[in-house]
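Rule-based calculations on the coordinates, nothing more; no lab input. Only a predicted model underlies this, so the values are computations on that prediction, with no experimental measurement involved. For neighbour counting, all protein chains shown are included, and Cβ atoms are generated from backbone atoms with ideal geometry for every residue, glycine included.
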Amino acid sequence: MRNKWLLFLALAIMVFVSAFGMGFSRSGQQVDLNSLSESDLAMLYAKSLDEINRLESAKEVLLEKLRELKSTSHDIDSLNRQQRELVARLESLSCDAALTGSGITITVDVPEGAFLSWDWAITLVNNAYSAGALGVSVNNVRLSPKWYVYYESGQLFVEGKALTSPFVFDIVGEPESILSAMYLPSGVFDTLQVWGVRIEHELEPELTIQKCDR
């Protein structure tokens, strides 16, 4: 029984060894299993076990490398996605793309003949940015990073465009903070209202201002 079992095992080992190129050439002389002694079969069995263990170890190394590659690929995809989101955010903040977020809409309705300082809008915009505003537009004209506005003869000049009342300021940022900055004692709102300017505001859960017209 033991010889038959060893013979069967040796045959299986030879098939395995032949498949993995362990020295049994397909074109070489066939090995007569009956001519192998038990010690030969035992030696062949031991060598086969060593080869199997070596192949198993190599397989585990390859599987670990594959897992590392998959993890690296996932990390790269995540990094690329973060980079794309960052680039898009930078473009929107730099005025090269539309900017969307929560914010506030402030409407300044200046009555005809009201005497207002030339820089009241500068104060309003500065207050907004000081309160964390990310972007501002006036009557759909987006302020660029090098923005400049001034008021003259009932018109507000924004980025080279002459705008007429009412002036609608769309401001992307934290609405409550921006509104608080506008209502500071003796601040811009108080000054405007002294001259009969009507001011309305509306908090916006989502507000979009367009990119700059360069």
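Within the straight-line cut-off of under 27 Å between alpha carbons, the lysines reachable from LYS161 are LYS146, LYS211, sequence neighbours fewer than 8 places apart in one chain being disregarded. Note on GLU68 and ARG81: the extension gain reaches 2.7 nm, defined as 0.36 nm multiplied by sequence separation minus the Cα-Cα distance.
Computed FRET efficiency, Cβ-Cβ of GLN155 and LYS59, R0 45 Å: what is it to the nearest 0.05? Walk me through the numbers before you get to the answer.
On the way: r = 78 Å, r/R0 = 1.73.
Computed FRET efficiency for GLN155 and LYS59: 0.05.
Counted by neighbouring Cβ atoms within 10 Å, the residues HIS74, HIS201 run from fewest to most as HIS74, HIS201. Sequentially through segment 142-157, phi angles give Karplus couplings (6.51, -1.76, 1.60; θ = phi - 60°) of 6, 6, 7, x, 9, 5, 7, 9, 7, 10, 7, 6, x, 10, 10, 9 Hz, Gly and Pro residues having no value and appearing as x. Sparsely packed loop sites in segment 148-185 (the chymotrypsin sites (Phe, Trp or Tyr not before Pro) outside DSSP H, G, I, E and B with at most 16 other Cβ atoms within 10 Å) comprise TYR148, TYR183.
Segment 166-214 and segment 127-141 have Cα centres separated by 8 Å.
Could you calculate the FRET efficiency of SER144 with VAL194 from 1/(1 + (r/R0)^6), where r is the beta carbon distance between them and R0 is 25 Å, rounded to 0.05? Approximately 0.20, to the nearest 0.05. A simple packing score, the average count of other Cβ atoms within 10 Å per residue, orders the peptides 135-141, 100-106 as 135-141, 100-106, with the highest score first.
Kindly provide the trypsin sites (Lys or Arg not before Pro) of segment 136-202 that DSSP labels as loop, not H, G, I, E or B, and whose Cβ sees at most 10 other Cβ atoms within 10 Å.
Here the sparse-neighbourhood loop sites are LYS146.
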